[in-house]
């Protein structure tokens, strides 16, 4: 992450919220707003983005 915040939302909380939003059936468009490989040398942000995108696509497929 280019600007991590120690008081930010945890991945576990974000995933729970994402599950609720996706379960509503109202999501039509999703945007990955920032992913900068040069600022992500260990690819931690890319892995989190992929995990969240996978979760959304899987929820949409159900």
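What the table below lists for this structure:
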read-out	value
Residues (under 24 Å from residue 5 (Cα atoms) and either touching a strand residue (DSSP E or B) at 6+ places or on another chain (Cβ under 8 Å) or in a helix (DSSP H, G or I) (or both)) located in the range 18-31	18, 19, 20, 21
Members of the range 1-21 found to be under 12 Å from the mean Cα position of the chain (by Cα) and in contact (Cβ under 8 Å) with a residue 24 or more places away in the chain, listed by number	1, 11, 14, 15, 18, 19
Complete set of residues in the range 32-50 that are touching a residue at least 24 places away in the same chain (Cβ under 8 Å), loosely packed, with under 12 Cβ neighbours inside 10 Å and in a helix (DSSP H, G or I)	39, 44
Those residues of the range 2-31 which are surrounded by 10 or more Cβ atoms within 10 Å (Cβ to Cβ) and under 13 Å from residue 55 (Cβ atoms), in sequence order	11, 14, 15, 16, 17, 18, 19, 21, 22, 23, 27, 30
Checklist (1) surrounded by 10 or more Cβ atoms within 10 Å (Cβ to Cβ); (2) out of contact with any helix residue (DSSP H, G or I) (no Cβ under 8 Å at 6 or more places or on another chain) applied to residue 59, failing item	(2)
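Values quoted throughout were computed directly from the atomic coordinates according to the rules given, and no laboratory measurement underlies them. The structure displayed is predicted, hence computed values, not measured ones. Cβ atoms come from the backbone with ideal geometry, glycine included; neighbour counts cover every protein chain shown.
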